[in-house]
Amino acid sequence: MPHVAMYAGSFDPITNGHADLIRRSLAFVDRLVVAVATSASKQPLFTTEERVALVRAAAENDPRVEVVHFKGLLIEFAKSQKVKMIIRGLRAASDFEYE
């Protein structure tokens, strides 16, 4: 059975840290779903379509990376994509507390 993971975020904008996490995740998963989230409470700098395109470019069009847009609860979307892992980037101690 293939190892499928999801990396979700707003990616507004995508950073070198995001791109690094995508690349490093591919070392232990067969497929990575990068889920670009929409939040009604945020005013994004880029449109959803622009963010999806920027993430695709950062992933260098690797066929193992699928970039998709989603709304709603992450866990529900993860179930619909049949992922077994969720990838998270943690920058500071406060990120550990939040997660």
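The values are calculated or read from the model by the stated rules, or taken from the named source; none is laboratory data. These figures come from a predicted structure and were not determined experimentally. In this analysis, Cβ positions are derived from the backbone assuming ideal geometry, glycine residues included, and neighbour counts consider all displayed protein chains. Note: areas computed on protein heavy atoms with side chains; ligands, DNA, RNA excluded. Shrake-Rupley method; radii C 1.70, N 1.55, O 1.52, S 1.80 Å.
Points to keep in mind about this one:
- Boolean, R88 is at pLDDT 95 or above, surrounded by fewer than 17 Cβ atoms within 10 Å (Cβ to Cβ) and closer than 20 Å to T15 by Cα: no
- Taken over the stretch 14-27, the criterion of being assigned to a loop (DSSP other than H, G, I, E, B) and open to solvent by 60 Å² or more (accessible area, probe 1.4 Å) is satisfied by T15, A27.
- Single unsatisfied condition, A37 versus (1) without any contact (Cβ under 8 Å) to a residue 40 or more places away in the chain; (2) among the small types (G, A, S); (3) open to solvent by 30 Å² or more (accessible area, probe 1.4 Å): (3)
- S94 assigned to a loop (DSSP other than H, G, I, E, B) and at pLDDT below 90: no
- Enumeration of residues in the stretch 1-13 that are outside any strand (DSSP E or B) and either closer than 12 Å to I87 by Cβ or not hydroxyl-bearing (S, T, Y) (or both): M1, P2, H3, F11, D12, P13
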